[in-house]
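What follows is calculated from the coordinates using simple rules that are stated; it is not laboratory data. A quick note: this is a predicted structure, and the numbers were derived from the prediction, not measured. So basically every Cβ, Gly included, is an ideal-geometry build from the backbone, and we count neighbours across all protein chains shown.
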Amino acid sequence: EISEPMPKVYQNLEQAQFIFSVYMYIRLMGQPKYSITILTLCEGQVELLRDMFRNREQSWYERIGNPKVITHVDDYDGQENEVILISMVKPAKSRECPIDFEPDDHERLFQMLKIAMTRATKSIYCFGDFGDETHSVFSMDPARINR
């Protein structure tokens, strides 16, 4: 469920909690914290995830640690990491997160996803509602990825 705690700030708490749980699992399986990055399509989700990781006070969590980076996809262009977790919150159109999944925005969404999905050198995990509205984005011609 997407919430809007402030105007044009979109967050999905359930998705953030799930991403946190998957991160913990990956760490417990032995993946180093510096080799894991979390990317999102919305700044609101970046702040929610950072708050979740920042507010862990349990002593066992100190050994798990935080991922290398939690940031917006656009701020990660040109970088890579072994494991990428992508939060694909899909808000209404806004300046903060310009994706509303209408046909006119599919090109921008495709470019953001292309950046996000080409940042992983080992594995990638995508979290989001993959209903019918995203079908046309994921069924685009694979040759476009090489642009």
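Numbers below:
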| item | result |
| --- | --- |
| Under-5 Å amide H pairs with Thr40, H placed in peptide plane, nonlocal only | Thr71, His72, Val73, Ser87 |
| 5 angstrom amide H check on Tyr125, placed H, neighbours 5+ away | Ile84, Leu85, Ile86 |
| Linear extension gain, Ser35 paired with Asp77, 0.36 nm per residue minus alpha-carbon span | 13.5 nm |
| Leu13 versus Lys114: modelled label distance in nm, points set 7 Å from Cα along the beta carbon direction | 3.7 nm |
| Point-to-point label distance, Thr121-Arg50, nm (Cα→Cβ direction, 7 Å offset) | 2.6 nm |
